[in-house]
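What follows is a set of notes on a single structure, which appears directly below.
The values are calculated or read from the model by the stated rules, or taken from the named source; none is laboratory data. Just so it is clear, the structure is predicted and the values come from calculations on it, not from any experiment. Heads up, the Cβs are rebuilt from the backbone with ideal geometry, glycines too, and the neighbour counts pull from every protein chain shown.
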Amino acid sequence: MTMAKIDLPYVQALTDRHGHKRHYYRRAGFARVTLPGVPGSAEFMAAYAAADARAPRKPEPRTAPRSVAALIQEYYRSHGFRILRDSTKRGYRNILDRFRAKYGDKGAASIEANHLEAIFHGMASTPGAVRNLRRRLSKVFALAVRLGWRKSNPVKETEIETTKSAGFVPWSEDDIARFEARWPSGSRERLALALLLYTGQRRSDVVTMGRQHVRAGRISVRQIKTDHRLQLMIVPALQAELDQHTGGLTYLLTQYGQPFTAAGFTQWFRERAEMAGLEGRTPHGLRKAAGRRLAEAGCSAKEIAAVLGHTTLAEVERYTRDADQVALSDAALGRVGPKRERAV
């Protein structure tokens, strides 16, 4: 018996190189779908109905040539961006994608210094965000110059004063004592404090630490930001807290027994600090406190760098500028004073 011919819209019949006839659902704005079985069969008709009921694909937004959006896409494809660490790429993308969402349709050659200054002034309440955006845009527009899209980099022509931020507030010894008084030894909070303070590491590294990283009295850290491998001695104060926690693959766990994300840990830890009466105290402030303690103990710049994982003296100075000025100045003047008195 000959099957009646079925004429369905959007059905295309093709014969492959083996002589087999195949059927496809093809319609503008929709992805192509292979239709199984023989036209008119239950299998065929069910697949056709499912394909026909789909919502059309949203067309990809068109990127205008030599626009800001196109320039940022070129930057993402550049060698300088591709060799960055994944965590750094994510941070840069977050900044540039927000800029692209607002100004991506503008011509890359039409952006001038005064336009950028207006944008930066609009962000004056967040000076840190202004600095980060300027740094990222400077790289992007430097690429525009190399590509021949522009004659100069407009970011370098901007002159805008931003309030210098002191950054994360370093924890004082009083702060540390108040936190310890509120959260007893053996608590999650006390463990978090000990890991931050006695390793001097960033939150992103602390939340990944676990028993598998400990060997021969040292904890191994591969810094996410720098990719540096550190072997840090576990001091008795930290060991005392570690001994009270069984944990899993990470020492620090949420109330649901899961590892923290870096952002989630910061939020949780700030709340715990506030409960101890400490406003505006962050995990990174304890990294600064660790640097300060090392400086006050008379450690050299190289010794401090070996703990914190920094590679330049400028970076070390940033974390040790809060060293006890009174104690250091007393020591210095104490050495000079007796000599001057004997000379009189």
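The rows are residues; the columns are (1) more than 30 Å from TYR76 (Cβ to Cβ); (2) surrounded by fewer than 14 Cβ atoms within 10 Å (Cβ to Cβ); (3) touching a Phe, Trp or Tyr at 6+ places or on another chain (Cβ under 7 Å).
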site	(1), (2), (3)
LEU143	no, no, yes
ASN153	no, no, yes
GLU159	no, yes, no
PRO170	yes, no, no
ASP174	yes, yes, no
TRP183	yes, no, no
ARG202	no, no, no
MET209	yes, no, yes
GLN212	yes, yes, no
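Is the range 141-162 home to any residue that is at pLDDT below 95 and closer than 30 Å to ALA289 by Cα? Yes - at least one qualifying residue is present in the range 141-162.
On the given criteria, is ALA192 over 30 Å from ILE83 (Cβ atoms), of a type outside the set (Phe, Trp, Tyr), surrounded by fewer than 16 Cβ atoms within 10 Å (Cβ to Cβ) and not assigned by TED's automatic domain parsing to the domain that holds GLY91? Walk me through it before giving the result.
Working: over 30 Å from ILE83 (Cβ atoms): yes; of a type outside the set (Phe, Trp, Tyr): yes; surrounded by fewer than 16 Cβ atoms within 10 Å (Cβ to Cβ): no; not assigned by TED's automatic domain parsing to the domain that holds GLY91: yes.
Considered against the rule, which asks whether it is over 30 Å from ILE83 (Cβ atoms), of a type outside the set (Phe, Trp, Tyr), surrounded by fewer than 16 Cβ atoms within 10 Å (Cβ to Cβ) and not assigned by TED's automatic domain parsing to the domain that holds GLY91, ALA192 comes out as no.
Where strands (runs of 3 or more DSSP E) fall wholly inside the range 1-110, the ranges with 1 or more residues that are outside the structural domain of GLY128 (by TED's automatic domain parsing), more than 30 Å from SER204 (Cα to Cα) and over 47 Å from the mean Cα position of the chain (by Cα) are 11-15, 21-25.
Hydrophobic (A, V, I, L, M, F, W, C) and touching a strand residue (DSSP E or B) at 6+ places or on another chain (Cβ under 6 Å): which single residue out of VAL68, VAL33 fits that description? One residue alone meets the criteria, VAL33.
Could you check the range 296-307 and list, in sequence order, the residues that are surrounded by 15 or more Cβ atoms within 10 Å (Cβ to Cβ), part of a helix (DSSP H, G or I) and out of contact with any strand residue (DSSP E or B) (no Cβ under 9 Å at 6 or more places or on another chain)? Passing the criteria: GLU296, ALA301, ILE304, ALA305. Within the range 116-130, being part of a helix (DSSP H, G or I) and loosely packed, with under 14 Cβ neighbours inside 10 Å holds for ALA118, HIS121, GLY128. In the range 54-65, the condition of being at pLDDT below 85, closer than 20 Å to ARG27 by Cβ and of a type in the set (Gly, Ala, Ser) is met by at least one residue.
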